[in-house]
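Any read-out appearing in this document is the output of simple, stated calculations on the displayed coordinates, not a laboratory observation. A quick note: this is a predicted structure, and the numbers were derived from the prediction, not measured. A quick note on method: Cβ atoms are made from the backbone with ideal geometry, for glycine too, and the neighbour counts reach across all protein chains shown.
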Amino acid sequence: MTKYLIRRFLTSLLVILGVATLVFFLLRAVPGDPLGAMLAEVDPTAAEELRRKLGLDQPVYVQYVLWLGRLLQGDMGNSLYGSNVSVSRIIGEAVPRTLSLTFLSTIVALAIALPAGILSALRKNSLVDYFFTFFAFLGLSMPDFWLGVLLIIVFAVNLRWLPAIGYAPLSEGLWPWFSHLLLPAIATGTGFSAIIARMTRSAMLEVLKADYIKVAHAKGLRNQVVILRHALRNALIPVVTVMGIAFALLMSGAVIVENVFAIKGLGRVLIQGILNRDYPLVQGAILLVSTIFVFSNLLVDILYTIIDPRIQYD
Amino acid sequence: MSHSISHPPQRQMDALPQRERSRWLWLNALLRRVPAVAALVVITVIVLAGILAPLVAPYDPNAQEYGFMEAPSVAHWLGTDDLGRDLFSRIVYGARISLFVGVVTVLLSMILGVLLGLLAGYYGGWVDNVIMRYIDLQWAFPNFIIAVYLVAVFGTGLSNVIVAVTLAFLDDFARIVRGMVLSLRTQDFVIASRATGARDLRIMLRHILPNAAAPIIVQATVSISAAILAEAGLSFLGLGVKPSTPTWGLILSDARSFFSRAWWMAVFPGLAITLTVLSINFLGDALRDIFDVREYAD
């Protein structure tokens, strides 16, 4: 197990380094540079000087080694725009926002998906089942940013129950944090919940056929106990398997939904960076999005072993 | 004697090769499924509306000559936007670009992905290694994130979005095809074909590829709906087409400053995306059942 974890950890680092390296070289292979765009017309000598200061006059492989060295010290450079704030600071402020959003989205998704999936399985081919099936398809087909927009129109603009945009850190209290994140979490969590609900349904159907469920019923356990303790626990194993895949959806959802709700998380930082051609910021954001992504997949793999002790890695 | 002409002998019917008769069985099975048929009808309507946009749209999609943000009415079925453009006409024209990008990117990424998968699976060795290490890297991330990364590198705009989405979706095809090739490569009919002196290219294209067609078609359906969503997302974020071009994502994005005054600007373009993607997903689900393709997940 330890050996497996170490190997997986190192592979994960390699994937992140691979992405960072590809992005580094591709950004420099594409014609046109931001400094040229910013300064060349105004003052060519200033552009030259700034380029030298930023090391952009060096060969690309030298830049890469220097960049990698600084990166290992946690230095991701400075933003090219505004007051040239350091990228690490911008990203450091963004990460908790994105993590809060994905965390709450997962909760929302599970809160919808587990009851829906269990009910569908218990009432297979009933009207309830078809209803949830249709909604699962709808949840997967609806753009998350559109759902976000609809939620803003209904709950923020018309009913005025929740704030439409922005973010409040947890330090300002649980309610401000929660109320700002609830609508975006529903917007990102819905597509995620569709996948989980479908998986819960088919896993439950499979498990309910098993002999140990018959035994549990036969020995007179209450239906609720059989379903929640005996069936659900075993049905959760394949569900956790798809969590890893579904998390992909959640992360890409967060990137776009943050922009709908003006939450300055990694997604918004990344998109603003792209729009401004702020390369150091883009590089940093990509690095962090990738890191969160790769390591949450690793976390899901470890989660299997906790839910199902029969699974062993070596 | 005359009826023997109109009713050919049964023997002749049986003489039809097995393949000829079974070729259309899937269509039969498809048409028996109500959701799939409904989805097919919706898709046909949307595609036709897009192709025939100049005939279908009552107004010029870019004419700014009507009232600002007028609610839906008989004259403007879906209302007008903040610049006084007819929303229905913009959404009809939007179908063109959204569907075009969805279909073209998936066709391109299918061709590239199939090619890479064939090469990797068929030749194995270092070819396989080089191709699959890259595919694995891309596979580690969701397609939309890859598309955003690529737009970050190539820059914004419609043609860059097409390139980005094409590249972002090819790993799914490459993995499926490589898996199929690996299992087909050692089958008797492939070995027999090689024994008769068929060249690699012929074996790959004539013998292996047709047998991998079903999962590729199912994947293509899934990918088209995902690609339409990706384009809409990128345009919504301002990374896609240039402003004023009507695409569903951009029309929706235009609505962002006017939530409190003009809900129709936000609701209808999103509805168009959802309806299209929902229909394609229903169709894809039916195809998956019919072709008996298991979901590729690992």
Check: Fully extended, how many nm does the chain gain between B:I217 and B:S159 (0.36 nm per residue separation, minus their Cα-Cα distance)?
Finding: 18.4 nm
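Considering only DSSP states other than H, G, I, E and B, which trypsin sites (Lys or Arg not before Pro) in region B:168-249 qualify as loop sites with at most 12 other Cβ atoms within 10 Å?
Details: sites: B:R175, B:R178, B:R185, B:R194, B:R199, B:R202, B:R206; in loops: B:R185, B:R199.
Answer in residue order: B:R199.
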Checklist line | Restricting region A:175-277 to trypsin sites (Lys or Arg not before Pro) in coil, as DSSP defines it, with at most 14 other Cβ within 10 Å | finding: A:K209, A:K219, A:R222
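What is the local net charge at A:I152, summed over the other residues whose Cβ is closer than 12 Å to its Cβ (Lys, Arg +1; Asp, Glu -1)? Intermediate values should be presented prior to the final figure.
On the way: positive: A:R160, B:R256; negative: none.
With Lys, Arg at +1 and Asp, Glu at -1, the net is +2.
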Note to self: Can you give me the angle between helix A:279-307 and the longest principal axis of chain A, using Cα atoms only, in degrees from 0 to 90, rounded to the nearest 10?
What the structure shows: 20
Note to self: With just the Cα atoms defining each centre, how far is region A:74-149 from region B:92-122? Give it in Å.
What the structure shows: 27
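Take every Cα pair under 8 Å in region A:88-307 that's 6+ residues apart, average their separations, divide by the length, and report that relative contact order as a whole percent.
Working: 271 pairs, mean separation 63.7, N = 220.
After rounding, I find 29 percent.
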Next item on the list: Round to a whole angstrom and tell me the spacing of the C-alpha centers of region A:168-201 and region A:2-29.
Entry: 29
Next item on the list: Scan chain A and hand back the longest stretch that contains none of the chymotrypsin sites (Phe, Trp or Tyr not before Pro) lying in DSSP loops with at most 14 other Cβ atoms within 10 Å.
Entry: A:1-160
Next item on the list: Please name whichever of A:A231, A:P143, A:W177 sits farthest to the positive end of the charge dipole of region A:88-307, dipole taken about the Cα centre and charges placed at Cβ: Lys and Arg +1, Asp and Glu -1.
Entry: A:A231
Check: How do the peptides B:66-74, B:127-135 rank, highest first, by the average count of neighbouring beta carbon atoms within 10 Å per residue?
Finding: B:127-135, B:66-74
Next item on the list: Quick one: angle between helix B:263-291 and the longest Cα principal axis of chain B, in degrees between 0 and 90, rounded to 10, please.
Entry: 10
Next item on the list: Could you tell me the distance between the Cα centroids of region B:142-156 and region B:199-266, to the nearest Å?
Entry: 14
Notebook entry, point to check: So which residue, out of A:A187, A:A136, A:A210, gets the largest mean-square fluctuation from a GNM of chain A using Cα contacts under 10 Å as springs?
Noted result: A:A210
Next item on the list: Compute the Cα gyration tensor for chain A, then decide on rounded, prolate or oblate, letting a ≥ b ≥ c be the square roots of its eigenvalues: rounded whenever a/c is under 1.5, prolate when a/b is larger than b/c in the other cases, and oblate in all that remain.
Entry: prolate
Margin query: Between 0 and 90 degrees, rounded to the nearest ten: what's the tilt of helix B:87-123 against the longest Cα principal axis of chain B?
Written below: 30
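Provide the net charge surrounding B:S193, with neighbours chosen by a C-beta distance below 9 Å and charges set as Lys +1, Arg +1, Asp -1, Glu -1. Write down the numbers at each step before the final one.
Values: positive: B:R194, B:R202, B:R206; negative: none.
Taking every Cβ under 9 Å from that of B:S193, the sum is +3.
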Note to self: Quick check: net charge around B:L108, other residues with Cβ under 14 Å of its Cβ, Lys/Arg +1 and Asp/Glu -1?
What the structure shows: -3
Next item on the list: Classify the protein assembly as shown as rounded, prolate or oblate from the Cα gyration tensor: take a ≥ b ≥ c as the square roots of its eigenvalues, call it rounded if a/c is under 1.5, otherwise prolate when a/b beats b/c and oblate if not.
Entry: rounded
